[in-house]
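As structure tokens, the structure follows; a few thoughts come after it.
Just so it is clear, none of the values below were taken in a lab; they were calculated from the coordinates. Predicted, not measured: the structure shown is a model, and the values here were computed from it. Positions of Cβ are backbone-derived with ideal geometry, glycine not excepted, and every protein chain shown enters the neighbour counts.
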Amino acid sequence: MLNIQSYGRIASDIVVKRSKDQKHLYTNFLFASHKGKETTFIRCVAFDALATLLQDFFSKGDRVILKGELVSDDYKGSKFVFKIQVKEFEFVETLTEHNKNKAKHDKERSNKDD
């Protein structure tokens with residue numbers, strides 16, 4: 001098991017689905033982690049109550065810290081494909097909050113320049 005913690009943005013809608021056997025809830029979504037001008041996208045999965053919490057509280061573009069395990073998702077040719085199995089999360093900032101803070105900061109900066 002490889003534990004992982006990553007900071008970034010939710011990059012796709014989080015939609016909860018029911019497993020084929022109808023016993024579990026799950027969600028698969030895309031997560032984007034930025035470093036400088038480079039962005040890494042990785043698939044994430046969460047189950048049951050955690051999947052529901054993620055769907056209820058996060059939208060595409062929201063900043064979050066995800067904690068979980070890096071697990072092998074699939075094998076394609078000679079490459080393994082990995083995803084994060086989310087175990088915990090931390091709120092950072094919604095996209096709406098980010099836009100409000102940016103607008104406020106930009107307004108303050110323009111007032112200083114006047």
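Worth a mention:
- Note on the chain: with charges restricted to the Cβ of Lys and Arg (+1) and Asp and Glu (-1), its dipole about the Cα centre is near 280 debye.
- Cut-off 11 Å between beta-carbons: net charge of the residues surrounding Phe91, Lys and Arg +1, Asp and Glu -1: -3
- Net charge contributed by nearby residues that have their C-beta within less than 9 Å of His24 (K/R +1, D/E -1): 0
- The angle separating the long axis of helix 48-57 from the principal Cα axis of greatest extent in the chain is about 20 degrees.
- Pairwise centroid distance, computed over Cα atoms, of region 1-40 with region 87-107, Å: 19
- Calculated FRET efficiency for the pair Ser59/Lys35, C-beta based, R₀ 22 Å, to 0.05: 0.45
- Cubic angstrom per residue, convex hull over Cα atoms of the chain: 127
- For the chain, modelled as a GNM whose springs connect Cα atoms under 10 angstrom apart, the maximal fluctuation among Ala32, Ala49, Ala11 occurs at Ala49.
- Where trypsin sites (Lys or Arg not before Pro) fall in DSSP loop in region 1-51, at most 16 other Cβ within 10 Å: Lys20, Lys23, Lys37
- Applying 1/(1 + (r/R0)^6) with r as the Cβ-Cβ distance of His105 and Tyr7 and R0 = 25 angstrom yields a FRET efficiency of 0.80.
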